[in-house]
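Novice: Got a structure for you, questions after.
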Amino acid sequence: MTVVSRPADSGPVLRAGEVAFIRDGRHLLSDISLTVHPGEHWALLGANGAGKSTLLALLGAVNHPSRGVVEVLGRRLGRVDVRELRSYLGHVNPRHTPDGPMRVREVVLTGLTNTAALVPRWQPTEQEAERADRLLAMLGMSAKAGDRWPTLSQGERGRTLIARALMPQPRLLLLDEPATGLDLAAREQLLAGIDALRARHPSLATVLVTHHLEELPATTTHAMLLRDGRCLASGPVGDVLTSELVSACFDHPVRLVRGDDGRWAARAARVPVTVPGEPVPAA
Ligand SMILES: Nc1ncnc2c1ncn2[C@@H]1O[C@H](COP(=O)(O)OP(=O)(O)OP(=O)(O)O)[C@@H](O)[C@H]1O
């Protein structure tokens, strides 16, 4: 069966019900349930190997669950043409590499064809070209629109890829560790860009994967904590991002503070390093 029309504009944008994902006999995800509504901004948090990217790949219709149900934009995986469904999503993968030394504006336009290069003989309409420029402006990239991809900094690449993902006007934006490798200023510019985007598009839903609480935008509304492929806690961000739950999630004592600007800071307790045969240093 195939998707025959643009997915419905109402109802949850994502629904996962009791999902499991099994590879080589290993449960990479077990019993995960999640519902994301328009206007919600979810953070998916967990330690290295907790299953965040695996879950994001299910939510982005890249993989199918081994058990349970995943509905993306009201369409159930396994019953739809996932390639067409994917064209309605914005999926920002920081490892995406454009094909050749394209200019920033061209990279953004490839979001319309969901390709790594511009499709030969394809021309954007005037409105599409204007939209690319508007998105670049919103992400603070206007001055770089004519620059070539290889000359961009990591942060500029990240913002270009977000503009690219937004070209098809998705209702759902998936962001996989968008701040990885960014310096402090680039990270702050990226987060400001995400906050601006959410303010400009109130019905957009987003799911952002990270293992750094400092990389969460202030506009985050909900969070899910993953540990060993299982959901430890899930719900409104104020209920889930507590010192107690985050400590349990990372299996390490963490003190979590939310600042006046709505951002989070985590302080991990220091664990003394012991060397066999040497006395344990005084705390
Ligand atoms: N195709 C696969 N086959 C077997 N194991 C896999 C496969 N893909 C991922 N894994 C394993 O599943 C676990 C979860 O991986 P995943 O990439 O989802 O974790 P993550 O929470 O995103 O981690 P990180 O923060 O390090 O990126 C890891 O132990 C990984 O080695």
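Novice: Which condition number does Leu77 fail, the rest of (1) in the same structural domain as Ala20 (by TED's automatic domain parsing); (2) touching a Leu at 6+ places or on another chain (Cβ under 6 Å); (3) surrounded by 18 or more Cβ atoms within 10 Å (Cβ to Cβ) being met?
Specialist: Here Leu77 clears every test but (2).
Novice: Are there any pairs with C-beta distances below 8 angstrom linking a residue in the range 84-100 that is in contact (Cβ under 8 Å) with a residue 12 or more places away in the chain to a residue that is open to solvent by 50 Å² or more (accessible area, probe 1.4 Å) and part of a loop (DSSP other than H, G, I, E, B), with the two at least 6 apart or on different chains, and if so which?
Specialist: Cβ pairs passing all conditions: Glu84/Thr2; Arg86/Val62; Arg86/Asn114; Ser87/Asn114; Tyr88/Arg6; His91/Val62; Pro94/Thr180; Pro94/Gly181.
Novice: Would you pick out the residues in the range 82-121 that are charged (D, E, K, R) and touching a Lys or Arg at 6+ places or on another chain (Cβ under 7 Å)?
Specialist: Arg103
Novice: So in the range 116-172, with the set limited to residues that are among the hydroxyl-bearing types (Ser, Thr, Tyr) and in contact with a helix residue (DSSP H, G or I) (Cβ under 7 Å, 6 or more places away or on another chain), which one is surrounded by the most Cβ atoms within 10 Å (Cβ to Cβ)?
Specialist: Thr160
Novice: Answer yes if at least one residue in the range 92-106 is under 16 Å from Arg198 (Cα atoms) and surrounded by 20 or more Cβ atoms within 10 Å (Cβ to Cβ), and no otherwise.
Specialist: yes
Novice: Sticking with this one: Exactly one condition in (1) out of contact with any Lys or Arg (no Cβ under 9 Å at 6 or more places or on another chain); (2) within 13 Å of the ligand (Cβ to nearest atom) is not met by Val62; state its number.
Specialist: (1)
Novice: Which members of the range 64-89 meet the condition of being at pLDDT below 90 and under 21 Å from the mean Cα position of the chain (by Cα)?
Specialist: Val82, Arg83, Glu84, Leu85, Arg86, Ser87, Tyr88, Leu89
Novice: In this structure, is Leu28 modelled with pLDDT of 95 or more, within 15 Å of Ala223 (Cβ to Cβ), within 16 Å of the ligand (Cβ to nearest atom) and surrounded by 14 or more Cβ atoms within 10 Å (Cβ to Cβ)?
Specialist: Here the answer is no, as Leu28 does not meet what is asked.
The values are calculated or read from the model by the stated rules, or taken from the named source; none is laboratory data. Just so you know, these numbers come straight off a predicted model, no measurement behind them. For neighbour counting, all protein chains shown are included, and Cβ atoms are generated from backbone atoms with ideal geometry for every residue, glycine included. For the accessible areas, the whole protein counts, side chains as well, though only heavy atoms, and no ligand, DNA or RNA atoms are used. Shrake-Rupley method; radii C 1.70, N 1.55, O 1.52, S 1.80 Å.
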